[in-house]
Amino acid sequence: MSFLSPPITNNKEGNPRKVGLELEFAGIEPMKAAQIITSVFGGEIIEEHRYHINIINSRLGNFRVELDARILRKMAEENIFDRLGITLEEDSIRKSIEDVVDKMARSVVPLEIVMPPVAIQDLEQLEQLRQALQQNKAKGTYASMVHAFGMHLNIESPDLKISTLLNYLRAFVIVYPWLLVVLKIDMTRRISPFVDPFPEKYVKKILDPDYAPEADQFIEDYVEFNPTRNRPVDMMPIFGMLNKDLIAPVMEGEKNAPRPTFHYRLPNSRIDNPEWRFADEWNHWIVVERLAADNEMLDKLSRLYLLHRDQTVISFRKQWAKTLGILLDLDD
């Protein structure tokens, strides 16, 4: 399966839009994962510590391998024990603690590979890494009931106009019920806090045809209803570029690198499924891209969504997913 092209392929500077992938999985040690990356793309391995490894100067750019839990990364730093008043002078004692951490990581906490942003036309090259991880028995979402693992896509926005960002957000909330069905989102991930859905009050607000906020109002409204990064499309990286002061009150203690990307967090990590391709998840996102670029259809579906939502009390999402599939001729 190939990566489909979106209606808008270039950014406002006229350069190809880029996409960065993040993959969570288990079953492979951090250093082994780093070695797999260099075996595919080359580069130099730099180990900050056993839970955070950088791969620099690969032919695609810089990769990062890390345990996706700040508490575990902190435990790897010597001074964390000092701050807790714990003295670990014996290497054997330190090793035993790190072994416990490793065991936790293999069973609960995912290892994450953060891939460099690449042009959409170059995404196909990342399938080589997917294949190598599968050959090395990486485990994904369905390998355990406690694996709330995901695959994230950082998709560069065509520009930072509020009208553009609002179109994408509107398109996503309209497509969201269909995505839940077609992606078969794992129940562990649904009940976890990592991809909480947008509140229905906020969905109704942004789909209102009269909603046309200025930049600050758009951000303030978003933060009021979504004071978190835990949304299926996290807008905080983009808002950090537009006005970091407006999101600062709810970002305290949160890691948020400002960048012009939609942080799409919904897909499962299906790395242990030999039939799965990274292209599957990108091609589902393409439905959002196409709708965001079609103002007439977006307006019609926004009005229809609001109408159906007001008339349907039970099983709205399921019914809307079917309706959308028919209207947009989508496969499920």
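No value in this document is a laboratory result; all are computed from the given coordinates. These figures come from a predicted structure and were not determined experimentally. Cβ coordinates were reconstructed from backbone atoms using ideal geometry, including for glycine residues, and neighbour counts include every protein chain displayed.
Structure data summary
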read-out	value
Lys12 paired with Thr323, simple spin-label distance in nm, labels 7 Å along Cα-to-beta-carbon	3.5
Given Lys300/Lys322; Lys137/Lys255; Lys161/Lys201; Lys32/Lys137; Lys139/Lys184; Lys184/Lys318, the pairs whose alpha carbons are separated by over 19 Å	Lys137/Lys255; Lys161/Lys201
FRET efficiency estimate (nearest 0.05) - Cβ-Cβ, Gln131 to Asp208, R0 41 angstrom	0.35
Burial order of peptide ranges 118-128, 259-269, 227-237 (average beta-carbon count within 10 Å, highest first)	259-269, 227-237, 118-128
Longest to shortest principal axis, alpha-carbon extents of region 139-332, angstrom	46, 41, 31
Simple label model, 7 Å out from Cα along Cβ direction - Asn283 to Asp159, nm	3.1
Gained length - Asp245 relative to Asp331, 0.36 nm times residue gap less alpha-carbon distance	26.8 nm
Computed magnitude of the charge dipole of region 139-332 (debye, nearest 20; Cβ of K, R +1, Cβ of D, E -1)	600
Electrostatic dipole magnitude of region 1-60 [Cβ: Lys, Arg +1; Asp, Glu -1; Cα centre; debye, to 20]	280
Stretchable slack from Ala119 to Asn57, in nm (0.36 nm times residue separation minus alpha-carbon distance)	20.6 nm
Modelled FRET efficiency - R0 25 Å, Glu275 with Ile314, Cβ distances, 0.05 increments	0.15
